[in-house]
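Contents: one structure, followed by commentary.
The values are calculated or read from the model by the stated rules, or taken from the named source; none is laboratory data. Quick caveat, the model's predicted, so the values are computed rather than measured. Every residue, glycine as well, gets a Cβ built from its backbone with ideal geometry; the counts of neighbours run over all protein chains shown. Accessible surface areas use protein heavy atoms only, side chains included; no ligands, DNA or RNA. Shrake-Rupley method; radii C 1.70, N 1.55, O 1.52, S 1.80 Å.
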Amino acid sequence: MTRLLILYTGGTIGMDHTPEGLAPVPGLLPRLLERFRTPALDFDVVEYPQLIDSSAIVPAQWQQLIDDLATRYAAYDGFVVIHGTDTMAYTASVLAFALQGLAKPVIVTGAQLPLVHPRSDGWSNLADALEAASQPDLHEVCIAFNRLLLRGCRARKLDAASFAGFDSPNAQALASFGIQAHWQRQHWLRVSQPFQPVALDVSLKLATFFLTPGYASTLAGQAMQEGDLDAAVLMSYGNGNTPADPVLLDGVAALSARGGAVLNISQVVHGAVEVGAYAASQPLARAGAIAGADLTPEAATAKLLVLLSQGLRGDALRQQLSTVLVGESS
């Protein structure tokens, strides 16, 4: 028999109609999950006391998830995290980097419509998540959504108006679910170290800057120079291009000199930062920005958070940011 742990943090999937509109209803989701119990599948459900809207999530709540998974790690064959969709890709990315040496499946899922809705996508998402969490050779954090299994640190929420809410634009799915499950095991990670979760430093100050023509580059540079940030993600144009704004370049150099890092990723959904592809990418690299290849914004944020939480700074931080750690980039 497979034994799973389900952590229910909140989200649309477990909501019901109330006089104030859709809202989480304690006890509802654990009761509805009983339909999935079989002679071959047993599970325990932990419903968090404060069911949150995922748009309000903070690093301390990621740490709670890490702690709950770590303390129960030996007792279960796999894990399912039920989560709101707004920040699901952030949570999956943080778990992917923080659960180092993971040798069991951790599957994050949710829904665009609550289970009480007649057309809810939550039932199929839960079914796929439970099946994925039962695969003993799946050793990574994934998102199960709309009949796909995606690597957690490659996934993004791309659609708020259809059931196809998530995709991994620059990476293949790890499985697809039809009449049968089609497991793409050739793409699955292989664990190479003991399980040793990272404790997050929830006091770290990270920021993401989305460049637009005009004042945005100056604003980003000023924020980096002020000395309060530990690191930054810079979402630049195309293959990593930015204007040669002296304030921006000075800001990147100042943050890098303090031992922090500026991780340069692209605004485009498909493609990657390629320093040297265009001359406009060179000044930023010379100032000290690190090319983030095809990292998603969610994965870039999570990677910085976890590496900084491990105490890495300066050259050691730069080296790890440039290394593929959990399949997060191509």
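What the table shows:
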read-out: Selection count, segment 3-52, where residues are in contact with a helix residue (DSSP H, G or I) (Cβ under 8 Å, 6 or more places away or on another chain), over 21 Å from G165 (Cα atoms) and β-branched (V, I, T); value: 4
read-out: Scan of segment 8-21 for residues that are under 14 Å from L115 (Cβ atoms) and either open to solvent by less than 10 Å² (accessible area, probe 1.4 Å) or under 17 Å from the mean Cα position of the chain (by Cα) (or both), ordered by number; value: Y8, G10, G11, I13, G14
read-out: In segment 157-169, the residues that are open to solvent by less than 50 Å² (accessible area, probe 1.4 Å) and closer than 21 Å to V326 by Cβ; value: F166, S168, P169
read-out: In segment 47-63, the residues that are modelled with pLDDT of 95 or more and exposed (fewer than 14 other Cβ atoms within 10 Å of the Cβ); value: V58, A60
read-out: Which listed residue, of L69, L5, is at pLDDT 95 or above, buried (at least 19 other Cβ atoms within 10 Å of the Cβ) and in a helix (DSSP H, G or I); value: L69
read-out: Some residue of segment 200-210 being open to solvent by less than 50 Å² (accessible area, probe 1.4 Å), among the aliphatic types (A, V, I, L, M), over 18 Å from A302 (Cα atoms) and within 18 Å of the chain's Cα centre (by Cα); value: no
read-out: Identity of the residue in segment 211-246, of a type in the set (G, A, S), at pLDDT 95 or above and within 22 Å of the chain's Cα centre (by Cα), that ends up surrounded by the most Cβ atoms within 10 Å (Cβ to Cβ); value: A231
read-out: Boolean, A300 is closer than 23 Å to L189 by Cβ, small (G, A, S) and open to solvent by less than 20 Å² (accessible area, probe 1.4 Å); value: yes
read-out: Tally of residues being open to solvent by less than 60 Å² (accessible area, probe 1.4 Å), touching a strand residue (DSSP E or B) at 6+ places or on another chain (Cβ under 8 Å) and of a type outside the set (S, T, Y) across segment 170-183; value: 7
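Per-residue answers, yes or no, for (1) more than 27 Å from A161 (Cα to Cα); (2) hydrophobic (A, V, I, L, M, F, W, C):
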| position | (1), (2) |
| --- | --- |
| A70 | yes, yes |
| I82 | no, yes |
| T85 | no, no |
| Y90 | no, no |
| L99 | yes, yes |
